[in-house]
Amino acid sequence: MNEFLGTDITFLKGVGTVRAEILNKELRLFRIEDLLGYFPFRYVDRSRFYKISEIEHDTSYIQLCGKIIRIEELGTPRNVRLVATFTDGEQTIELLWFKSIKFIKSTIKMGEEIVIFGKPSFYRGKANMSHPELDTVANRSKSAALEAVYHTTEMMKTRRVESKAIRQIVGSALQHENFHVPEIFSKEICEKYKLIPRSKAFRFIHHPPSQKHIEAAQYRFKFEELFFLQLPFINQKMNRKEAAKGISFGTQNPLFEDFVKNHLPFSLTNAQERVLREVKTDLCSGQQMNRLLQGDVGSGKTIVAFLSVMMAVDNGYQASLMAPTEILAIQHYIGLSELAGKIGLEIGILTGSTTSKERRILHEKLQNGEIKLLVGTHALIEDVVEYKNLGLVIIDEQHRFGVAQRAKLQDKGKENPHVLVMTATPIPRTLAMSVYGDLDYSVIDEMPAGRKAIKTAHRFGFAREKIWQFMKEEIARGRQAYIVYPLIEESETMHYKDLNNGYDELLHFFPRPEYQVEMLHGKMKPSDKEAKMRDFADGKTNILVSTTVIEVGINVPNASIMIIESSEKFGLSQLHQLRGRVGRGAEQSYCILMSSKKLSANAKTRLKAMVSTTSGFELSEIDMQLRGFGDIAGTRQSGLDQLKLASLSDDSHIAEQARNAIVELLATDPDYDRHQSLRHFMQNKQGYKDWDKIA
Ligand code: ADP
Ligand code: MG
């Protein structure tokens, strides 16, 4: 550890034992390195003074210059507030304090020229400012144009160690005579990736001369964060690649070509074509494919899967496709059978409810190679299925399909079959790379042409009749609707009551024979489920009342309305999945989120997010903020909670740059001989537990 950075913060000017203790306890800042690593969350422009007359409803943090001409305490003794009238010489604005009233009052000198700083808000059409910062004009003129603002805790506010105090303490570190921050990256890396020196980056991020300097500093630190986040995973992947031999497919694909040319019901998007090229390259490489395919709900992953199957069949191999639910497996079976029928290819289905007689026939056809594609649920890995020659395994709509499960699947093939994992809900690329650290990555980042964005609204119970009326109009135009009820495991009986009541109520409003309303839930017999799904897919059913069994993967392009009851009980990714059941055709689709009026702050945020965006990538970012990274990744070890500046979705290009740097480093200097300072830094990095994985 560098001596200066390792120094205890108590040695800094302006930090006594009391302040040190507060900083230790509240912000976990112990050494100068921690302090410098405590980055501002925003900057304010101190370069100009506003006029009160310029304040508008959306005005952010500003500074005003003028004086306080009146001050009084108002309210009840238990609920006092301090109200001051401030004038800039032309107009007045009220300043309000609800806390630390005695102290504030003692610092105010009536009539003295001061600078106030804060965010205005409006009450009854008049602007006011709560808890503004006050400063003397003399002090103010010394400060930089751009001033860093730091987060502080409630406790720190009561102890009056606020943003300003942190700014001063950081300042004394930056101006310290021993100030020294060594560079950790090699000169090559710094030059190639345009990183400003680490010491400068610390200066600029805390005391920026200009916006440009802030950006350069932030870029440098984001690069660092994303570098150390990805290093262990990339290292792991490079090691695996050396090990895993795979079946080498030929480059001739007659069946594939024939299908694409003569039977494809639409033209592929550019993204779909790109992914297919990536898959093909893997399949022909001689190494085992281990690829993750991400694509938002409705982006068209199924056809990519099917065309990949074609490549396997073209080379004389069989393929399997595993789905997370029986309903989805059935749907895939129906849909893919239709496609496969065009080129005379046989498909089988295996689920938990396949009878032993059916199984026997299936096993035979798999062993003699008659069946080219086996679709199924987890039964695919739990059963003793023997293939003639399994060459490709596709796992659809899962994002927690672990390494162990993949290994189990692979034992089924005599050689290592290629593996393609398709995610249920898209997650930012960088997160994907760490959850699936050892996989290669493809993304479908483009929707098929002609899709209209789904209109989403949040409604309460009293709007229900209006919504039903709207459904009637849509049904009259030939559309179909889903109504989904949550399944709450702890109170399953109550849940079915909800579902049944909802169903009965609907039958009343949508009477037979004019309307066909059907119900679907997990407890039904598979053959009944299949029949209900078929009727809905064939357009015989107008409204399908269901549990979340339809959550994932179901594809009925004519359905244009999704109503989610008790939507506050669903997680964000689940809501996105459910909504993704509509908007799959050319018609305008709607998603209506029903909820009770009592909502937690978290539920409100979720519903608001759903209304504001239809991008699965954006929603997963919000979800991560709500639930924490580890929760989503399913692992606390992912290191994602260490990101301070970098955002997984916004900074994907920086992640990419960092990844390039890592790959180069590991390929050209695996022992870090020419990267001693980096090696040194990582060995000393607190909590950098993956060092042994890398070294
Ligand atoms: P997901 O990625 O959610 O699994 P699907 O594969 O189910 O999405 O595709 C959604 C719908 O879009 C399907 O009806 C499918 O036939 C259709 N589709 C897929 N690719 C295209 C395309 N290139 N052009 C038009 N429609 C497409
Ligand atoms: Mg799908």
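The values are calculated or read from the model by the stated rules, or taken from the named source; none is laboratory data. Here the structure is a predicted model, which means the values were calculated and not measured. All Cβ positions, even for glycine, are placed from backbone atoms using ideal geometry, and neighbour counts span all protein chains on display. Accessible surface areas use protein heavy atoms only, side chains included; no ligands, DNA or RNA. Shrake-Rupley method; radii C 1.70, N 1.55, O 1.52, S 1.80 Å.
Can you give the Rg to Rh ratio of the stretch 47-143, both from alpha-carbon atoms, with Rh computed by the Kirkwood formula? It would help to have the intermediate numbers written out before the result.
Working: Rg = 13.0 Å, Rh = 13.7 Å.
Looking at the stretch 47-143, the ratio lands at 0.95.
Under a straight-distance cross-link criterion of Cα-Cα below 19 Å, which aspartates and glutamates are reachable from Lys372, leaving out those fewer than 8 residues away in the same chain?
Leaving aside aspartates and glutamates fewer than 8 places away in the same chain, those within reach of Lys372 are Glu257, Asp258, Asp314, Glu338, Glu346, Glu358, Glu364, Asp383, Glu386, Asp396, Asp411, Glu415.
Counting only DSSP beta bridges with both residues in the chain, tell me the antiparallel percent, nearest 5. Before the final figure, lay out each step's value.
Numbers: 32 of 85 bridges.
About 40 percent, rounded to the nearest 5.
Tell me the carbon and sulfur percent of the accessible area for the chain, rounded to whole percent, probe radius 1.4 Å.
On the way: 16310 of 32670 Å².
Carbon and sulfur atoms account for 50 percent of the accessible area of the chain.
Rounded to the nearest 500, what is the chain's calculated 222 nm mean residue ellipticity when only DSSP H runs of at least 4 contribute -39500 (n - 2.57) each, over all residues? Before the final figure, lay out the partial values.
Values: 27 runs with 287 residues, N = 695.
Helix contribution divided over all residues of the chain: -12500 deg cm²/dmol.
In the structure displayed, which of Lys187/Lys237; Lys452/Lys598; Lys105/Lys212; Lys25/Lys99; Lys280/Lys529 lie more than 29 Å apart, Cα to Cα? Write out the running numbers ahead of the final one.
Details: Lys187/Lys237 26 Å; Lys452/Lys598 32 Å; Lys105/Lys212 39 Å; Lys25/Lys99 22 Å; Lys280/Lys529 36 Å.
Those over the limit are Lys452/Lys598; Lys105/Lys212; Lys280/Lys529.
When ligands, DNA and RNA are left out and all protein chains stay put, how many square angstrom of accessible area per residue does the chain have with a 1.4 Å probe?
Result: 47 Å² of accessible area for each residue.
Taking Cα atoms, how many degrees apart are the long axis of helix 464-476 and the longest axis of the chain, rounded to 10 and kept between 0 and 90?
In the chain, helix 464-476 runs at an angle near 40 degrees to the longest axis.
Using every pair of alpha-carbon atoms in the chain, split the distances into 10 Å bins beginning at 0 and state the percent of pairs per bin, rounded to integers.
Values per bin, smallest distances first: 3, 12, 19, 20, 18, 14, 10, 4, 1, 0.
Across the stretch 455-613, how large is the tail of the calculated P(r) beyond 27 Å, expressed as a percent of all Cα pairs? Intermediate values should be presented prior to the final figure.
On the way: 2050 of 12561 pairs.
Counting pairs separated by more than 27 Å, the tail of P(r) holds 16 percent.
Give me the base-10 log of I(q)/I(0) for the stretch 254-444 at each q in 0.11, 0.16 Å⁻¹, Debye formula, one uniform scatterer per Cα, rounded to two decimals.
-0.44, -0.99
With everything on Cα atoms, drop me the angle between helix 211-243 and the longest principal axis of the chain, reported from 0 to 90° to the nearest 10.
The two axes meet at around 30 degrees.
If you count only protein heavy atoms and use a 1.4 Å probe, how large is the accessible surface of Thr302, to the nearest 10 Å²?
Probe radius 1.4 Å; accessible area of Thr302 about 60 Å².
Once the dipole of the chain is set up with Lys and Arg at +1 and Asp and Glu at -1 on Cβ about the Cα centre, which of Asn253, Gln398, Ser566 lies farthest towards its positive end?
Projecting each Cα onto the dipole axis, the largest value belongs to Ser566.
Identify all aspartates and glutamates with a Cα-Cα distance to Lys608 below 18 Å; exclude those on the same chain that are fewer than 8 residues away in sequence.
Leaving aside aspartates and glutamates fewer than 8 places away in the same chain, those within reach of Lys608 are Glu565, Glu568, Glu618, Glu621, Asp623.
For Asp296, Asp538, write out the residues from largest to smallest accessible area, computed with a 1.4 angstrom probe and no ligands counted. It would help to have the intermediate numbers written out before the result.
On the way: Asp296 15, Asp538 105 Å².
Sorted by accessible area, descending: Asp538, Asp296.
By the scheme Lys and Arg +1, Asp and Glu -1, what is the net charge of all other residues having a beta-carbon under 15 Å from that of Phe266? List each step's numbers first, then the result.
Working: positive: Lys261, Lys301, Lys342, Arg451, Arg584; negative: Glu273, Glu338, Glu446.
Net local charge, Phe266 excluded: +2.
Normalise the Cα radius of gyration of the stretch 233-348 by 2.2 N^0.38 Å (N = residues in it) and let me know the number. Don't jump to the answer; show the numbers that get you there.
Working: Rg = 15.1 Å, N = 116, 2.2 N^0.38 = 13.4 Å.
Cα Rg divided by the expected 2.2 N^0.38 Å: 1.12.
Please work out how much accessible surface Tyr317 shows to a 1.4 Å probe, ignoring ligands, DNA and RNA, in Å² rounded to 10.
Ignoring ligands and nucleic acids, Tyr317 comes out at about 40 Å².
Sorted by accessible area with a 1.4 angstrom probe, largest first, how do Arg70, Arg359 fall?
Details: Arg70 125, Arg359 45 Å².
Ranked list, largest accessible area first: Arg70, Arg359.
Structure shown: which of Lys119/Lys157; Lys523/Lys604; Lys466/Lys523 lie over 20 Å apart, alpha-carbon to alpha-carbon? Numbers along the way, then the final one.
On the way: Lys119/Lys157 17 Å; Lys523/Lys604 31 Å; Lys466/Lys523 31 Å.
From the list (Lys119/Lys157; Lys523/Lys604; Lys466/Lys523), the Cα-Cα distance tops 20 Å for Lys523/Lys604; Lys466/Lys523.
Please report the projected area of the stretch 505-553's Cα convex hull averaged over all directions, in nm². Before the final figure, lay out the partial values.
Working: hull surface 14.8 nm².
Over every viewing direction, the Cα hull of the stretch 505-553 projects on average to 3.7 nm².
Could you state how much accessible area Glu72 has, in square angstrom rounded to the nearest 10, with a 1.4 Å probe and all protein chains kept in place?
Approximately 60 Å² of Glu72 is accessible to the 1.4 Å probe.
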